[in-house]
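The values are calculated or read from the model by the stated rules, or taken from the named source; none is laboratory data. Everything quoted here is computed from the prediction, not taken from an experiment. FYI the Cβ positions are ideal-geometry reconstructions off the backbone, even for glycines, and counts take in every protein chain you see.
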């Protein structure tokens, strides 16, 4: 089992995100070519939408184009492995999901990358999830879902955005706290999961807000509850799972920007400055919040510490709840 202790991970991440220092002459011209940003989920998901909202603002600040490449699969492992193995020159970056950095190491053997091979740049956004039902499912709320699941133990399923993702853990946490047995069905991102629950191929799914909000507003999906501690401004009429009877339920996803470990601190600093400014741009903030996400810019060091604390939290949950990768 691949395992990283919190102190070991935090020390490595802080080393990768070493103190910001003034730009040296040798990096003054950075960037001198297109910057590739690998997104670990398909187009249409929250990470993809947020980075595309940031792209024109960051490109204008850096005076260089950004190329966004979607590499989905394995709960973010495929895309993150590509970033970890890239040349540490600032021209290959990655949008890292919570699962790839803080969940996968506690669940998966034979990881294709080591989280310590990535240098944190900034947290980008935090985003809650929503548990939805297809239109023909009789359950309309949490109590009815639980009753239905208990009447058909092991026969109902919940789709989610991929094994070892925060959505996977959210689905597993729901089943665990609700005391029901349900099949967890992984997809290569939230958009494919939304398509299947919309078509009725799976009765329930844990989705992010961008993939589900309009379908909920149009009455095509039935919202059961949101995973955050508070109701969402973008879906004010949808109760939280906690207020619906799952006491203490809270699970929020996030994603941040990383580079290969060894990327010069001067480049990390310049990228951090550009993305943090973009995350504070009023037009970008409004667009991200419309998606149901919250812009969350940080320093490289603060992002490293956040990753360490999240790894500890999810690792404890995986162990206590007996959550498996498959």
**OP:** Go through (1) more than 30 Å from residue 92 (Cα to Cα); (2) in contact with a helix residue (DSSP H, G or I) (Cβ under 6 Å, 6 or more places away or on another chain); (3) at pLDDT below 95 one by one and return the number of the condition residue 223 breaks.
**Re:** (3)
Original post:
Given the conditions (1) farther than 30 Å from residue 59 by Cβ; (2) out of contact with any helix residue (DSSP H, G or I) (no Cβ under 7 Å at 6 or more places or on another chain), and given that residue 88 satisfies all but one, which numbered condition is not satisfied?
Top reply: (1)
Subject >> Complete set of residues in the range 243-276 that are crowded, with 17+ Cβ neighbours inside 10 Å, closer than 23 Å to residue 166 by Cα and under 22 Å from the mean Cα position of the chain (by Cα) >> reply: 249, 251, 252, 253, 254, 255, 256, 257, 258, 259, 260
Original post:
So residue 191 clears everything in (1) at pLDDT below 90; (2) part of a loop (DSSP other than H, G, I, E, B) except one condition, right? Which one?
Top reply: (2)
**OP:** Hey, can you tell me all the residues within the range 277-326 that are loosely packed, with under 15 Cβ neighbours inside 10 Å and assigned to a loop (DSSP other than H, G, I, E, B)?
**Re:** 280, 322, 324, 326
Subject >> Members of the range 44-72 that are assigned to a loop (DSSP other than H, G, I, E, B), over 13 Å from the mean Cα position of the chain (by Cα) and within 28 Å of residue 110 (Cβ to Cβ) >> reply: 71
